[in-house]
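Q: Below you will find the structure I want to go over with you.
The values are calculated or read from the model by the stated rules, or taken from the named source; none is laboratory data. This one's a predicted model, so the numbers in the text were calculated from it and none came from an experiment. We place every Cβ from the backbone using ideal geometry, glycine too, and count neighbours over all the protein chains shown.
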Amino acid sequence: MKRFHRSARAAALAALIGGFVVWTHAGSGLPAFRAEVQPEPGWERFRRDYGVSYFGDDGQFVRAVQNGYNLVFRTDQYAPRFTRPAAGGAPKACAGCHSVEDLAYSFVNSDRYDARFGRRMSFEDYVRHCYAASLEGAVPTIYDPAVRDIRLLARAVAHHLQLGEGARR
Amino acid sequence: MMRKFLQTAAMLAVLAGLYGLSLYKHAERDELRRAPVALTPGCAEKFERYGLAADKIYRSPYVLARAGAARELRPYSADDVRAIQRGCNIVDDTQGELASRSVERWNAARFIRGNQLSCDHCHQGIGDKQDANGNRLKGSLSLGASWVMADMYDRFTGLLLPFELRQMQCFINSSNGYKPNISDDLVRDITAYSRFLSAALDLRIGNHYEEQGIDEIAASDTLKQGDDYVRGEALFKQKCASCHGPQAQGHVVAGRVVAPAIAGPDAWNMQSRNYFYYVSTILPGFICRNMPLGQENTLTNQQCRDVAYFISNLPRPAGDKQGPLMALRQQLLMNAIPPLVRITSSSRAPFKDEEQ
């Protein structure tokens, strides 16, 4: 009986490991794990207006910029963990306060000492602060695509506007 | 009951002590950020030329002199200026050889194994190499140009690689060292300096500039005579050994690095992009455009590839992802090969150039 129990436990463990391997293998094909970005209304126009195709018709960078676009204009859908709806239930979005050009100028003027915070603030620090203070959500890590892709969107727009470090409006 | 209470009290006291210590360390770090920065001679000259000053609209004297007009850019605060100055010191003198006591350079050197490598060895001209007329040089690994082109897809890591993570890779592989935190002052100071360089040179976001990165040399850029170890060794002895040493282990005089190790325990490791077997185009490109110092662009593409191939066959540390067995193997080779080479080369007829 004891022996049977031991074999059953070993079999269960092997099945668990096997199941995990199959899950990770198959999981990579699921939409949640694919680096494809849902095209939202206005993306094609944005892409044309800001010359995103300079960086290629498709590719990792362009997809990240597209995700950045979705994050900025539909923050509640694409970063739900980091965004809480307003009191009346209206969705909040970065675009409610910032234009994409604001973000580009902010990007080229970041990494400077900010007296309001008493420290040097990177662009990512500002984005994280916005999620916490303006969007009233949780704070993403500095590596989170919800932060990174907004930076890449700002970089693409800054390129289109031919901005350099410290450019003023 | 009493014992449990004491245990809890002791635990709380330890936690409070740790909290107090972290507050003290934060205050100490803030104090250091406010301290004036003693510049290296190279940085002092560079900032004089580029007109870095606090609290006034920045207009680059370099751009003004070359183009006749320069844009007005956002002023730097005193804190920004100190960060930029610290970043320059780190790049120019990573090991702190030029300072009796330097906090920012101590912080940088602890992420590097060995006491030879400095950012400036690859990013020459303190990350902004120019000729006598102030022209930026092709393939000179400019930090300013690298900043404006950061965030692109990197095939080696599979990431959209931010400037800060690229710096981490430099510390881990090119310096065979350790990974600093992305928010470490070290990384942020180097970023601040690189961003200032891009402002001083009027570089625009997302544009490619010739001085960015390496002017890579593929086999197809040669006459396809094959990368040759023997030719590489002869050339190394002729062109490189006088500075880098007969076995490429660097040349240090009175504690100061005259030329850094390019093989052996103080050199970059096997997962650095300088390693020929990992990326075969980068080290040849670096050699052609930046070596020998003062005679840049004098070697042919094939010669650069030969020398790079030879150097990469000398023993060096294993990369951070290659595991303990490879690390052990490389340690053994690094200890065994140099004495063997010394013995065999002393019993061998010298090259013609060695006789001279």
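Q: Do we find that B:A254 is farther than 25 Å from B:G177 by Cα and surrounded by fewer than 20 Cβ atoms within 10 Å (Cβ to Cβ) in this structure?
A: Answer is no for this residue.
Q: Moving on. Taking the options B:A16, B:A38, name whichever one is surrounded by fewer than 12 Cβ atoms within 10 Å (Cβ to Cβ) and small (G, A, S).
A: Only one candidate passes the filter, namely B:A16.
Q: Tell me, which residue of the range A:46-59 that is over 13 Å from A:V72 (Cβ atoms), surrounded by 12 or more Cβ atoms within 10 Å (Cβ to Cβ) and away from every other protein chain (no Cβ under 13 Å) is nearest to the chain's Cα centre (by Cα)?
A: Looking at residues that are over 13 Å from A:V72 (Cβ atoms), surrounded by 12 or more Cβ atoms within 10 Å (Cβ to Cβ) and away from every other protein chain (no Cβ under 13 Å), I get A:R47.
Q: Moving on. A:A138: among the aliphatic types (A, V, I, L, M), more than 9 Å from chain B (Cβ to nearest Cβ), touching a helix residue (DSSP H, G or I) at 6+ places or on another chain (Cβ under 8 Å) and assigned to a helix (DSSP H, G or I), yes or no?
A: So A:A138 fails the test.
Q: Under 7 Å by Cβ, and 6 or more places apart or on different chains, what pairs join a residue from the range A:145-169 that is within 9 Å of A:A104 (Cβ to Cβ) and at the interface with chain B (Cβ under 7 Å from one of its Cβ atoms) with one that is part of a loop (DSSP other than H, G, I, E, B) and hydrophobic (A, V, I, L, M, F, W, C)?
A: A:R155/B:I205; A:A158/B:I205; A:H159/B:I205; A:L163/B:I205
Q: When you go through A:A154, A:A95 one by one, which is the residue that is of a type in the set (A, V, I, L, M), part of a helix (DSSP H, G or I), buried (at least 23 other Cβ atoms within 10 Å of the Cβ) and in the same structural domain as A:P80 (by TED's automatic domain parsing)? Walk me through how you get there before you give the answer.
A: Values: A:A95 fails: buried (at least 23 other Cβ atoms within 10 Å of the Cβ).
Result: A:A154 is the single residue among A:A154, A:A95 that is of a type in the set (A, V, I, L, M), part of a helix (DSSP H, G or I), buried (at least 23 other Cβ atoms within 10 Å of the Cβ) and in the same structural domain as A:P80 (by TED's automatic domain parsing).
Q: Something else about it: Output the residues belonging to the range B:209-246 that are under 15 Å from B:L314 (Cα atoms) and in contact with a Gly (Cβ under 7 Å, 6 or more places away or on another chain).
A: Matches in the range B:209-246: B:H244 only.
Q: Which residue out of B:R59, B:R71, B:R86, B:R66 is under 19 Å from B:R34 (Cβ atoms) and either surrounded by fewer than 16 Cβ atoms within 10 Å (Cβ to Cβ) or among the basic types (K, R) (or both)?
A: B:R86
Q: In the range A:84-125, what residues are over 22 Å from A:G42 (Cβ atoms) and aromatic (F, W, Y)?
A: Residues satisfying the conditions are A:Y113, A:F117, A:F123.
Q: Still on this model: Which residue, of A:G59, A:G29, A:G51, is at pLDDT 90 or above and either more than 17 Å from A:L152 (Cα to Cα) or among the small types (G, A, S) (or both)?
A: Working: A:G59 fails: at pLDDT 90 or above; A:G29 fails: at pLDDT 90 or above.
Matching residue, one of A:G59, A:G29, A:G51: A:G51.
Q: Here is a follow-up. Can you report the number of residues in the range B:68-97 which are free of Cβ contacts under 8 Å to residues at least 60 places away in the same chain and farther than 30 Å from B:A259 by Cβ?
A: Residues that pass the stated criteria total 10.
Q: Scan the range B:93-101 and tell me whether some residue there is more than 19 Å from B:R289 (Cβ to Cβ), in a loop (DSSP other than H, G, I, E, B), in contact with a helix residue (DSSP H, G or I) (Cβ under 8 Å, 6 or more places away or on another chain) and among the hydrophobic types (A, V, I, L, M, F, W, C).
A: Taking every residue of the range B:93-101 in turn, at least one turns out to be more than 19 Å from B:R289 (Cβ to Cβ), in a loop (DSSP other than H, G, I, E, B), in contact with a helix residue (DSSP H, G or I) (Cβ under 8 Å, 6 or more places away or on another chain) and among the hydrophobic types (A, V, I, L, M, F, W, C).
Q: Any chance the range A:32-45 includes a residue that's within 14 Å of chain B (Cβ to nearest Cβ), within 19 Å of B:D151 (Cα to Cα) and assigned to a helix (DSSP H, G or I)?
A: No: the range A:32-45 contains no residue that is within 14 Å of chain B (Cβ to nearest Cβ), within 19 Å of B:D151 (Cα to Cα) and assigned to a helix (DSSP H, G or I).
Q: Now for a separate question. Which is under 30 Å from B:P75 (Cα atoms), aromatic (F, W, Y) and crowded, with 19+ Cβ neighbours inside 10 Å, of A:Y113, A:Y143, A:Y78? Walk me through it before giving the result.
A: Working: A:Y143 fails: crowded, with 19+ Cβ neighbours inside 10 Å; A:Y78 fails: under 30 Å from B:P75 (Cα atoms).
Within the list A:Y113, A:Y143, A:Y78, the selection yields A:Y113.
Q: Given the criteria more than 14 Å from chain B (Cβ to nearest Cβ), in a helix (DSSP H, G or I) and of a type in the set (A, V, I, L, M), does A:L103 qualify?
A: no
Q: May I pose another question? Scan the range A:106-122 for residues that are facing chain B (nearest Cβ under 10 Å) and part of a helix (DSSP H, G or I) and report the count.
A: Start the filter on the range A:106-122 by keeping residues that are facing chain B (nearest Cβ under 10 Å), which leaves A:107-115, A:118-120, A:122.
Retained after the next criterion (residues that are part of a helix (DSSP H, G or I)): A:107-108.
The number of residues fulfilling the criteria is 2.
Q: Within the range B:178-190, can one find any residue that is in contact with a Leu (Cβ under 7 Å, 6 or more places away or on another chain) and of a type in the set (S, T, Y)?
A: The answer is no; no qualifying residue exists.
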